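J.: Provided herewith is a single structure, encoded as structure tokens, for subsequent inquiry.
The values are calculated or read from the model by the stated rules, or taken from the named source; none is laboratory data. Model, not experiment: these values are computed from the prediction. Cβ coordinates were reconstructed from backbone atoms using ideal geometry, including for glycine residues, and neighbour counts include every protein chain displayed.
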Amino acid sequence: MLKTNLPLLTLDNIVLLPSSKIKLDISDSNTKKLIDIALNYFNGHLFFVSNDIDKLKENQIGVITKISMRLDLPNGNIKIGLDGIGRARVLNYSLNGSTNSVTITKVDIPQVDPIESLADARTLKEMFNDYLENKKSLGNSILNSIENVNDINILTDMITDFMSIPLNRKKAYVEEINPKKRVLMLVDDLNYELSLLEYENSLDSAIEKNLEEDQKKYLLKEKLKIIQDELGIEENSDVKILQDKINDLDCPIRVRKKLNEELERYKLCNSNSPEIGILRNYIDTLLSLPWSVSTRENMDIESIRKSLDESHYGLLDVKERILEFMATKKYTKSKNNPIICLVGPPGIGKTSMAKAISVALKRKCVKISVGGINDEAEITGHRRAYVGALPGKIITGIMKVGVNNPVFIIDEIDKMTKDIKGDPASSLLEVLDKEQNERFVDHFVEEEFDLSKVMFILTANYTSQIPDELKDRLEIIELSSYTSLEKCAIVKNCLLKKLRLEYHLTKSELNLSDESILYIINHYTKESGIRELERLLRKICRKYICYKLDSKKSININKEIVNYLGKEKYTTPINYENSIGVMNALSYHPLGGELIKIESTMYPGDGKVTSSGTLGDMMRESINLSLAYIKSHAKEFSISFDKFRENDFFVHLTNSGLKKDGPSAGVSITSSLLSLLKNVSISNDIAMSGEISLTGKILRVGGLKEKIILAVENGIKKLYLPEENKNDILEYTSIYKDKLDIVFVDNYMDIYKELFKKTKK
Ligand code: ADP
């Protein structure tokens, strides 16, 4: 019998199987010594028994092992690796601390039939496979290590090593030297473990399921709580406030229904969704519309008259129309509002008069401008589906003013343009037309809003440029430029009062004489209205206050106008010398009009005509027409036709860079060219206005009042006007009385006779 002596290592709590590899930390000094002895004298071999040393007995089965590594640890311990080699039986042992040793002998392993062994190996592997599948904590790599092992003596040890079975049971495996028995033991244990694992797993999944469900419920509850919390907050502050507002809103039933529907959608809307903003905006818009909010109108005709007179001087047509309307309304109880359109140059009080009307009627007032608008949507709103959609200007204005019966001023209706985006004029028609505006639908609002109580007052600079479809519906009241005297009256009656109040000045402090006012008008302003004049008067007020505070300076306004306003800007009249080929023309435009000099000259050429002076097409046509007229009447004018063949002509219209156009300069151009061709100068205090036809007929002109004012202010003494305008100027007599000789002419020959005939001889 082969016997071997080996150092003995006993550890009760560790099992080492012949196929196992283990690592141990060793702190005990005796054991350390034992390891060193094994390493130094036994080629690293030692005998391992899973038992307390005092329980060691003879015949005990242990495992021969080899130390695979030894490491000194920083804490003084050593780490060793032990590889199991094979079972052996203890014959005897000697225990003396660090040198415990045993004498061992080989165990006789019973032989197993190879087929049986293979079958057992397969069974074990399958079972172990199942075991691993259920034992999720062990990796499948173990299978690889046993895959090719079919010796059940080794296989049983390997599988046992991997199994988590109680220590004592594992010790039993070490003790059992018969592999066949170990197979049976393993089958038992694997079965037991498998059923245990299956049960554990089913428990786990049940627990997991429960947990999952609980967790799900918990999470849902938490979410719900948050949602409810949020909804709660919304309910309290936002949604509830909105709901209250909807309930309190005095509006048609259909609108309330719509609002409630939208609020429901709003409540359900995700707070991160862009739709929420759109919905909110829509609800707010509907809520802020004054569906049934009106102001009580002042029906007292006398007080309306007084209020209008106080705020505006003159403008009798407008005042009269408003008084008529109010009187009719009072009398007939009709609800119709007039659609007034005030037309005239800037600064003549169109907008301020409209505002004054609202004050007199005690209605609220809102103003929008449609100048430059080329998009229908600006009037009727954008559809809600578009991002950034908004209601149109009309509904926005109504929302702003907060009542459904304001005075609604729409400025610059002659400056709307029509293009591919639509025709704003026709949209405006929906707003103004009595038949349609009771049910005005803004694309954004989508609900009908009654605009019939609104009093629309429109403004424009030119009647001719108001879109035709609108013109038809409007009561156009034309306001013309003010004469210096009218301006003076406005200052005295309205402006000074207004400025005194504004600047806290007394009557004696801000008291301008007529002379001073006229001086300011004539030497500092050139305008149809009084905007610039008002600006100058404000300047005087500000300076007056400065001078007053700095008492050393003189403060007499009437004597010190230049001190207040600086050097005179305009000196009138402008005196040109009488020159050949020069003729005065009067041009009217919204900025006030101007006296134009038409200059003609000629030089050798072949009859070409050139012109300059920022002229419009009509004006260029006028030049050609005048020349054609003169050529065709050359004989009557005693002009040799060679002059037209041998010369080029140049016609220039002087004065401001403003574009000059319109059919009223024909007579002046003809006169300028005749003066040139006949070499006769025309007195520079003569002016004329009128278009000429090829037969010499002089055609009617517009802007008469402005032209007469211009003529007077520029020192013109004689003014030729078309016969057709004779009746139009009757109301302006007071403007030119004693200052201007107006001659009405029907054909150019009448002018020719007066200006050129005498010199013909
Ligand atoms: P518009 O709208 O015609 O361009 P505004 O209404 O703005 O002109 O008038 C310009 C200023 O002239 C305003 O301060 C207005 O009070 C004043 N104004 C114009 N006409 C009169 C008038 N007839 N009486 C009193 N103030 C006037």
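J.: Given (1) in a helix (DSSP H, G or I); (2) within 16 Å of the ligand (Cβ to nearest atom), where does residue 544 come up short, assuming only one miss?
T.: The one condition residue 544 does not meet is (2).
For every residue, the table says whether it meets (1) over 30 Å from residue 253 (Cβ atoms); (2) buried (at least 19 other Cβ atoms within 10 Å of the Cβ); (3) modelled with pLDDT of 85 or more.
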position: 286; (1), (2), (3): no, yes, yes
position: 289; (1), (2), (3): no, yes, yes
position: 306; (1), (2), (3): yes, no, yes
position: 312; (1), (2), (3): yes, yes, yes
position: 316; (1), (2), (3): yes, no, yes
position: 335; (1), (2), (3): no, no, no
position: 343; (1), (2), (3): yes, yes, yes
position: 360; (1), (2), (3): yes, yes, yes
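J.: Which one of these is out of contact with any His (no Cβ under 9 Å at 6 or more places or on another chain), touching a residue at least 12 places away in the same chain (Cβ under 8 Å), assigned by TED's automatic domain parsing to the domain that holds residue 628 and closer than 22 Å to residue 631 by Cβ: 716, 692, 735, 709?
T.: 692
J.: Identify, please: which residue in the range 673-723 is of a type in the set (Ser, Thr, Tyr) and within 56 Å of the chain's Cα centre (by Cα) and is, among those, farthest from residue 633 (Cα to Cα)?
T.: 689
J.: Name every residue in the range 502-539 that is among the β-branched types (Val, Ile, Thr) and crowded, with 20+ Cβ neighbours inside 10 Å, in order of residue number.
T.: Correct list: 517, 520, 521, 525, 530.
J.: Ok, one more. Has the range 272-291 got at least one residue that is part of a loop (DSSP other than H, G, I, E, B), under 27 Å from residue 397 (Cβ atoms) and within 16 Å of the ligand (Cβ to nearest atom)?
T.: No; the residues of the range 272-291 include none that is part of a loop (DSSP other than H, G, I, E, B), under 27 Å from residue 397 (Cβ atoms) and within 16 Å of the ligand (Cβ to nearest atom).
J.: May I pose another question? Hey, does the range 642-650 have a residue that's in contact with a strand residue (DSSP E or B) (Cβ under 8 Å, 6 or more places away or on another chain) and of a type in the set (Lys, Arg)?
T.: Looking for residues that are in contact with a strand residue (DSSP E or B) (Cβ under 8 Å, 6 or more places away or on another chain) and of a type in the set (Lys, Arg), one finds at least one in the range 642-650, hence yes.
J.: Can you name every residue in the range 94-132 that is in a loop (DSSP other than H, G, I, E, B) and buried (at least 18 other Cβ atoms within 10 Å of the Cβ)?
T.: Across the range 94-132, the qualifying residue is only 100.
J.: If you don't mind, there's one more thing I want to ask. Mind listing whichever residues of the range 309-347 are touching a Lys or Arg at 6+ places or on another chain (Cβ under 8 Å), near the ligand (Cβ under 9 Å from one of its atoms) and more than 23 Å from residue 497 (Cα to Cα)?
T.: 342, 344, listed by residue number.
J.: Then there's this: Step by step: first the residues of the range 583-628, then only those that are acidic (Asp, Glu) and within 21 Å of residue 686 (Cβ to Cβ), then the one that is modelled with the lowest pLDDT. Which residue is that?
T.: 594
J.: Can you pull out every residue in the range 680-702 that is among the polar types (S, T, N, Q), part of a loop (DSSP other than H, G, I, E, B) and surrounded by fewer than 23 Cβ atoms within 10 Å (Cβ to Cβ)?
T.: The answer is 683, 684, 693, 695.
J.: Under 7 Å by Cβ, and 6 or more places apart or on different chains, what pairs join a residue from the range 73-99 that is of a type in the set (Asp, Glu) with one that is modelled with pLDDT of 85 or more?
T.: Partner pairs satisfying both residue conditions: 83/21; 83/65; 83/66; 83/68.
J.: Restricting attention to helices (runs of 4 or more DSSP H) lying wholly within the range 434-524, give those where 2 or more residues are aliphatic (A, V, I, L, M) and either in contact (Cβ under 8 Å) with a residue 60 or more places away in the chain or under 19 Å from residue 350 (Cα atoms) (or both).
T.: 484-490
J.: Would it be correct to say that residue 418 is without any contact (Cβ under 8 Å) to a residue 60 or more places away in the chain and surrounded by fewer than 18 Cβ atoms within 10 Å (Cβ to Cβ)?
T.: yes
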